[in-house]
1. Which aspartates and glutamates does B:Lys64 reach when only Cα atoms under 19 Å apart count, and residues fewer than 8 places away in its own chain are ignored?
2. Residues of region B:7-43 with accessible area at least 40 Å² lower in the all-protein-chain context than alone (1.4 Å probe)?
3. Heavy-atom accessible area per residue, chain A, 1.4 Å probe: how many Å²?
4. Mind checking how much accessible area A and B bury in total, 1.4 Å probe, in Å² rounded to 100?
5. About the Cα centre of the protein assembly as shown, what is the dipole size in debye to 20, counting +1 per Lys and Arg Cβ and -1 per Asp and Glu Cβ, all else neutral?
6. Any idea of the accessible area per residue across chain B, 1.4 Å probe, to the nearest Å²?
7. Taking all protein chains as present, what is the carbon and sulfur share of the accessible area of chain B, in % to the nearest whole number, probe 1.4 Å?
8. Given the pairs A:Lys102/B:Lys55; B:Lys20/B:Lys66; B:Lys20/B:Lys55; A:Lys68/A:Lys102; A:Lys49/B:Lys55, which are separated by over 20 angstrom at their Cα positions?
Amino acid sequence: AQSVTQPDIHITVSEGASLELRCNYSYGATPYLFWYVQSPGQGLQLLLKYFSGDTLVQGIKGFEAEFKRSQSSFNLRKPSVHWSDAAEYFCAVAPYGGATNKLIFGTGTLLAVQP
Amino acid sequence: GAVVSQHPSWVICKSGTSVKIECRSLDFQATTMFWYRQFPKQSLMLMATSNEGSKATYEQGVEKDKFLINHASLTLSTLTVTSAHPEDSSFYICSAIRDSQGGYTFGSGTRLTVV
């Protein structure tokens, strides 16, 4: 079945440590790929997106993500986590690309940051 | 730019009443908007795709007679939860297509509590 998978439900890292959040998708073609962050009770903020071109994408707040076609993955990384990064992170896919297609979200990864 | 305003941010209503949620694109025209529902500690589930001037397209399992969507202008889509019941309590988020490069902008969400 077509899906977006975020294998890690919860992740806890120490402040200053590196972070990698995993995302895999199972759509046949290369979809448009996104990472969003959501603070409690808030809407979603776009961190970065990939449509084509360079497979390493830079986003806001020091985040980056790498698209690996062979692994159908789009993992999010940050070299040094700050306490303010604690939030829920969602990987999302527009399965057929394009400007008018719906987004399918992964189940989310809740990030906790230890002092 | 690219702001989507969603109102109200929270609402409490009695069981059996109807509630209308508005989603406005403030500085761009959105021919397509999406409505999502998010249960506590869960991901966003697409409910329907709203197209200006035409009927909304509902996802499988979403009751179109219960969740009425109207997209009468290029800047406004509304979701009306009719005859609300406690199980309809959830966080509802709208999203609008910003540009041809898949620029999705999200509203800040509406917390609906049915008592």
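1. Cross-link targets: B:Glu22, B:Glu52, B:Glu87, B:Asp88.
2. Residues meeting the cut-off: B:Tyr36, B:Ser43.
3. Accessible area per residue, chain A: 47 Å².
4. Using a 1.4 Å probe, the pair buries roughly 1600 Å².
5. It works out to roughly 200 debye.
6. 48 Å²
7. Summing carbon and sulfur atoms, their accessible area is 52 percent of the total for chain B.
8. A:Lys68/A:Lys102; A:Lys49/B:Lys55
The values are calculated or read from the model by the stated rules, or taken from the named source; none is laboratory data. No experiment lies behind these values; they were computed from the predicted model shown. With ideal geometry, Cβ positions are generated from the backbone for all residues, glycine too; neighbour counts draw on all protein chains shown. Keep in mind that these areas ignore ligands, DNA and RNA; they rest on the heavy atoms of the full protein, side chains included. Shrake-Rupley method; radii C 1.70, N 1.55, O 1.52, S 1.80 Å.
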